[in-house]
Amino acid sequence: MAEAITKRDYKEWEAFCEKVQNSNAVKFNEGKKDQDKRIKRCLKSYNDFVKEYFKQYADHDCADFHIRAANAILKDKDILAVLEWAREHAKSVHACIIIPMWLIAHGELTGMILMGKNNDDARNLLSDIQAQLQFNELFAHDFGKQYNFGSWEDGDFTTVDGIRFLAVGRNQSPRGARKGEKRPNYAVIDDIDDDEIIYNPKRVDKVIRNIMGALYFALSIKGARMVVAGNRIHHNSILANMVGDTKKGGKKREGIYHSKVCALKQKTIVRNTDGQIIGGTPSWSRYTLKQILEKMKKAGHVLAMQEFFHQTEVEGKIFKNAYFRWARMPRLQKMNVIVGYFDPSFVNSATSDYKAVRLWGIYNNKKWCIKSFVRRCELEEAFRWMIQVEKNLPNNVAVIWYIEKQFINKTIKRSQRIVERELKYKLNIQTDHRIKPNKYTRMVRMEPDYSNGGVYYNADEKDDPDMIDGNDQLKQIEPGYNTPDDSPDADEGAWYYLDFHYDEESFDPVIGEREIDEDRRY
């Protein structure tokens with residue numbers, strides 16, 4: 001379960017405000033000429049702006065990607081920007097504090113809505129910018145007094161010029177955010193993902209609708225900037241959906257400004273023979289290579305790649321990454337049998353959202369996952385995929401399709417007939433009549449085949465989105481799981497019928513991997 005977010009302690013905020021005030025004092029004997037010179041320089045240079053007015057944050061120069069993003073957001077009044085930056089690369093500081101202050105300095109902000117995971121998270125984030133507006137004496141000296149009334153504790157405050165700042169949680173509606181004639185023209189969605197919501201596609205979709213619906217349309221139609229800041233912790237995260245490329249090779253949302261930054265510059269990364277990162281150039285010179293590699297080592301490979309490089313590989317507790325062996329597949333003609341199992345998943349729950357079809361074969365007493373269909377879609381799409389698989393098979397190869405008996409109903413039959421008429425092709429599907437034991441037990445029983453080296457995956461399908469989604473579902477199976485399980489349920493169904501086709505005479509009960517004849521391909 002994700003760690004609960006609590007409201008910021010007021011005394012802690014007061015201490016922060018004192019720090020802001022002390023670090024941004026006005027020089028007693030400064031003349032108007034020097035002040036004007038500083039203002040002109042800082043309005044032109046974002047790096048100078050940060051170093052001059054935000055000394056408590058600016059222990060190092062801004063990185064190039066900070067400067068490019070700030071200038072792009074200032075330049076485009078209608079920008080939709082996604083700042084997909086590595087952990088500890090100042091996403092929140094820039095998106096929630098410095099960039100809106102940059103817009104105020106340029107006379108470009110009429111109101112701001114800040115969205116967090118929940119209301120307390122959003123208010124905590126809002127407290128930092130209120131501290132700057134209320135106690136940053138140098139900023140007030142150069143650009144005028146800002147804070148007027150209201151409080152971050154209520155998630156709502158206003159400046160002297162009538163600029164309203166409003167905090168909302170990801171499930172709250174920001175409608176009615178206008179202050180007088182001023183409608184907000186800047187929204188920031190900060191670190192909105194967590195380890196629970198990413199595994200619930202329906203909740204993710206609901207938040208996306210809230211962002212692109214209630215939040216986006218609460219902003220000024222005359223020009224509004226929206227910024228999403230975070231790192232990609234899952235391929236179906238809210239941030240990934242805002243970018244659009246939730247599938248490998250998928251298209252990004254049209255017209256967005258997407259700044260994707262890893263802890264090390266991609267073109268400089270050096271790996272050892274095991275594929276582990278051992279060198280490269282930091283994307284932000286605030287950190288040394290040694291510091292980054294040391295943090296990666298302590299966090300472990302999976303979390304380091306997620307937090308620093310936006311690679312969302314799932315590590316299972318029962319079905320571990322090491323169990324998924326990818327190899328060049330033998331020819332389909334050499335398979336003892338090929339079984340496809342369809343799990344239509346009619347149940348409307350968090351764990352049953354997908355239509356899953358998994359295609360498995362037996363060769364040399366090893367199970368091979370040949371192809372995968374794992375999608376949130378209509379029934380007809382799954383049947384089209386199954387027919388296309390059959391049409392692409394060699395003439396002397398066939399698939400035995402199965403579906404669970406409880407799913408054989410009018411809806412299934414009608415959808416199958418529609419597609420068969422559409423494609424002029426008859427699809428024969430067998431019925432799985434088993435009275436099945438507990439689903440979790442059935443799926444966990446597959447683990448020994450994996451850990452003993454008895455399972456292989458078609459290397460040609462390694463980057464296929466349906467294969468990735470299906471395998472991720474399997475990796476997430478653990479006691480008390482509440483993630484989708486349609487694909488591993490289909491795997492178990494296919495395996496049940498595969499097990500009738502082992503070649504007992506040639507069975508070699510050796511634990512571990514066996515060499516695959518790479519010339520035996522389909």
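The values are calculated or read from the model by the stated rules, or taken from the named source; none is laboratory data. Keep in mind it's a predicted model, so treat the numbers as computed, not measured. Neighbour counts are summed over all protein chains in view; Cβ atoms, including those assigned to glycine, are modelled from backbone coordinates with ideal geometry. These accessible areas exclude ligands, DNA and RNA; they are computed on the full protein's heavy atoms, side chains included. Shrake-Rupley method; radii C 1.70, N 1.55, O 1.52, S 1.80 Å.
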* Which value, to two decimals, describes the C-alpha radius of gyration of the stretch 1-102 once divided by 2.2 N^0.38 Å? -> 1.27
* Asked: Taking 0.36 nm per intervening residue step and subtracting the Cα-Cα distance, what contour gain separates ASN171 from GLN333 on full extension?
  -> 53.0 nm
* Asked: Relative contact order of the chain: what whole-number percent is it, with Cα pairs under 8 angstrom and at least 6 residues apart?
  -> 14
* Asked: For THR281 and ARG421 in one chain, what is 0.36 nm times their gap in residues minus the Cα-Cα distance, to one decimal in nm?
  -> 44.6 nm
* Asked: Against the longest principal axis of the chain, how steep is helix 64-75, in degrees 0 to 90 to the nearest 10, with axes from Cα atoms?
  -> 70
* Asked: Using a probe of 1.4 angstrom, how much of the accessible area of the stretch 314-400 is carbon and sulfur, in percent?
  -> 44
* Using a Förster distance of 30 Å, the FRET efficiency for ARG414-SER451 (Cβ separation, nearest 0.05) -> 0.10
* For the stretch 8-107, give the magnitude of the charge dipole about the Cα centre (Cβ charges: +1 Lys/Arg, -1 Asp/Glu; no others), in debye to the nearest 20. => 420
* **Whole-percent carbon and sulfur share, accessible surface of the stretch 33-183, 1.4 Å** => 45
* To do: Pop out the carbon and sulfur fraction of the accessible area of the stretch 239-278 as a percent, whole number, probe 1.4 Å.
  => 46
* Can you tell me the dipole magnitude for the chain around its Cα centre, using point charges on the Cβ only (Lys, Arg +1; Asp, Glu -1), in Debye to the nearest 20? => 1580
* **Degrees, to the nearest 10: 10-23 long Cα axis against longest axis of the chain** => 60
* Using Cα atoms only, what is the angle between the long axis of helix 486-498 and the major principal axis of the chain, expressed in degrees (0 to 90) to the nearest 10? -> 20
* Residue-span extension gain [ARG68 to GLN21] - 0.36 nm each, minus C-alpha spacing -> 14.1 nm
* In terms of the ratio Rg/(2.2 N^0.38 Å) built on C-alpha atoms, what value belongs to the stretch 182-221? -> 1.35
* To do: Please report how far the C-alpha centroid of the stretch 283-353 lies from that of the stretch 410-443, rounded to the nearest whole angstrom.
  => 29
* Kindly report the accessible area of the chain per residue (heavy atoms of protein chains, probe 1.4 Å, no ligands, DNA or RNA), in Å². => 48
* Approximate spin-label separation VAL270-LYS32, in nm, with each point projected 7 Å along Cα-to-Cβ -> 5.8
* With contacts defined as alpha carbon pairs under 8 Å and 6 or more residues apart, what's the relative contact order of the stretch 1-130 in percent? -> 30
* Structure fact -> So for R0 = 22 Å, FRET eff. of ASN395-HIS501 from the Cβ-Cβ r, to 0.05, ends up at 0.60
* In a Debye calculation with equal point scatterers on the alpha-carbon sites of the chain and no solvent, what is log10 I(q)/I(0) at q = 0.10 Å⁻¹? -> -0.88
* Asked: So if R0 is 51 Å, what FRET efficiency would ASP460 and GLU153 give, r being the distance between their Cβ atoms, rounded to the nearest 0.05?
  -> 0.35
* Cross-link pairs LYS44/LYS267; LYS117/LYS320; LYS75/LYS222 - those with Cα-Cα distance over 20 Å -> LYS44/LYS267; LYS117/LYS320
